[in-house]
Amino acid sequence: MTKLQTLPAASGSSSAKDGKSPRRRESPGSLAFSRSARIKGLVKHAILIIVGGVMIYPLLWMVVSSLRPNDLIFREPGLWLESLEMSNYTDGWSALTHPFGHYMINSAIVVLGSILGNLVSCSMAAYAFARLQFSGKKIFFGIMLLTIMLPFHVVIVPQYILFSQIGWVNTFWPLIVPKLLATDAFFVFLMVQFIRGIPKDLDEAARIDGAGHPRIFLRVILPLMVPALATTTIFTFIWTWNDFFGALIYLTDPDMFTVPVALRAFVDSQSATSWGSLFAMSIVSLLPVFLVFLFGQRFLIKGIATTGIK
Amino acid sequence: MSAIGELSTMTRRKGPLSKEEKKANGRDNKAAYVFLLPWLIGLVAITVGPMLMSLYLSFTDYNLLQPPEWVGLDNFVRMFGDARLHNSLRVTFTYVLVGVPLQLGVALLIALVLDKGLRGLPFYRSIFYLPSLLGGSVAVAILWKQIFGTTGLVNQVLAMVGIEGPGWISDPNTALGSIILLHVWTFGSPMIIFLAGLRQIPVMYYEAAKVDGATTLQQFWRITLPMLSPIIFFNLVLQIIGSFQSFTQAFIVSGGNGGPSDSTMFFTLYLYQKGFGQFDMGYASAMAWFLLVIIGVFTAINFIASKYWVFYDD
């Protein structure tokens, strides 16, 4: 119920998700008409299958190639697999200073910290913007919207100086602390949009019962904005897991490498013969994102449709 | 409403406060600032503070070891004479001006094909969307490096039809093109925004047009495109801002040096090299502010131009 009310653009798309929006249904016209419509449909499917196939092919090929002996990667463009070669995975797993699992744990720590930070800090800020009246609200809200579009590079140099002076280089703090301070303003905006769609009567009722703002926030709003929290969680997961630039700058000690910088170290160190294990670890690194995509697609698509995340 | 839509209505709407706003003014100040506290600290310490600091640093010579030394406009003067910087601007502009329209064009085209009550839409949508989730990762950049290499997948396929392809990423003429292609490959997320937009166009417009005997093409030009123009605008603004900041793909594909012969030396890559390779923090800060100005100008041009082609129904 709340979903429909709070995400107008997305609910529009989700109710028509299966392409059955009424205006598209062909009117019961003549036979000739329906035949030409069918041909048109076939052409469309053909286009989509070709485009989709070309797009996905490189990914499939990478998966297959990671299960092939190395030399085949340079002369076998097909997807046929004659034997299953797991050595790429075992070699790749132990190719760097630490086993690859070490980097995945590092990434997981940063991801979990970032998710927690975004959920707490962004939802608090969003509650204030969506429900509370305070002086300077308009200006702050405008600033918040502007920071969404601010290029990261403008702040990175002083941020680096700041964090290096505190002694935080080669720790996860520079990657996590900004999230605890709601600097991913995008999610603040997403949650503001969502909270605005929750009926105010609910707050009023709670207030009449004597609840203060912390209580309304925790007991009324937060449980109702679970879909927005889920969207935030999923996007934070994917972005943080893939984040290269931040990790490249702050993590220079191999002990602290997250997956993207570990992969980069792998590329730099590899000889031309280890593409197989490089592919294997690339696939291992994409696996969590792929799983999140499989199970969280609904929230991803909704989030994009309503807010236009990148 | 999108963040951009919200911003533009904020600047458009002027006038006295509404009754509700007046009545409530100042009432929740204390609670509000408590809720906003993390965000406010972040704004000051992580965003605005560093922004001002980097503005200051852009007028200094600073290498992290010695204290910053004021040099006035030296860094900006240096930028004028820096041929590599000019080249990096050319590379970045090419990437943005070719990559963004191409990506949005494909996104719109596929969205149009998908929108017509097609069977299997969720499946297709997933297939098209997946690359945009993976596209920013180092892993996909590694894949790209192989595919467009001398003995990569593309050339293997070309060899099957008897064509001997160049080493796409080792040839300065095609290296940037390969990275642009990677950007186009991630058309899935704008496509989803387009799909949502297409669904919002009232059916009756098309029915009326059909009654009047309008062809499919006419319907597209006269109904779909104008009605979709706010969404196109929104995508355009977002993608341009995002593309100016692209970094990972060029970094990985070129092995971190923007090669071959600086043909993939993005502005951000050069900034990284100056700031974190040579620790020329003053110069890097000046470059960062220059980037901010460029993005600001582009966004402003976008907003001004939008008055002539974006159609608002309200």
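The values are calculated or read from the model by the stated rules, or taken from the named source; none is laboratory data. All values derive from a computational prediction rather than experimental measurement. Every residue, glycine among them, receives a Cβ derived from its backbone with ideal geometry; neighbour counts consider all protein chains shown.
Structure notes:
- Helices (runs of 4 or more DSSP H) (entirely within the range B:155-258) containing at least 1 residues that are more than 28 Å from A:Gly52 (Cβ to Cβ), among the hydroxyl-bearing types (Ser, Thr, Tyr) and out of contact with any Cys (no Cβ under 6 Å at 6 or more places or on another chain): B:203-211
- Taking the listed residues B:Leu7, B:Leu43, B:Leu64, B:Leu108, the one that is modelled with pLDDT under 90, in contact with a helix residue (DSSP H, G or I) (Cβ under 8 Å, 6 or more places away or on another chain) and within 30 Å of B:Ser189 (Cβ to Cβ) is B:Leu7, with no other qualifying.
- Filtering the range A:231-246 for residues that are surrounded by fewer than 21 Cβ atoms within 10 Å (Cβ to Cβ) and either more than 12 Å from the chain's Cα centre (by Cα) or farther than 30 Å from A:Met191 by Cβ (or both) leaves a non-empty set.
- If you check B:Ser126, B:Ser170, B:Ser178 for being over 30 Å from B:Phe234 (Cα atoms), within 14 Å of chain A (Cβ to nearest Cβ) and among the hydroxyl-bearing types (Ser, Thr, Tyr), only one passes: B:Ser170.
- Within the range A:247-297, tally of residues that are part of a loop (DSSP other than H, G, I, E, B) and either of a type in the set (S, T, N, Q) or facing chain B (nearest Cβ under 9 Å) (or both): 4
- Apart from one condition, A:Ser83 fits all of (1) more than 10 Å from chain B (Cβ to nearest Cβ); (2) over 30 Å from B:Val157 (Cα atoms); the exception is (2).
- Any hit, the range B:126-141, residues being buried (at least 17 other Cβ atoms within 10 Å of the Cβ) and farther than 23 Å from A:Thr240 by Cα: no
- Scope the range A:175-208; condition of a type in the set (Asp, Glu) and farther than 13 Å from A:Ser123 by Cβ; matching residues: A:Asp201, A:Asp203, A:Glu204
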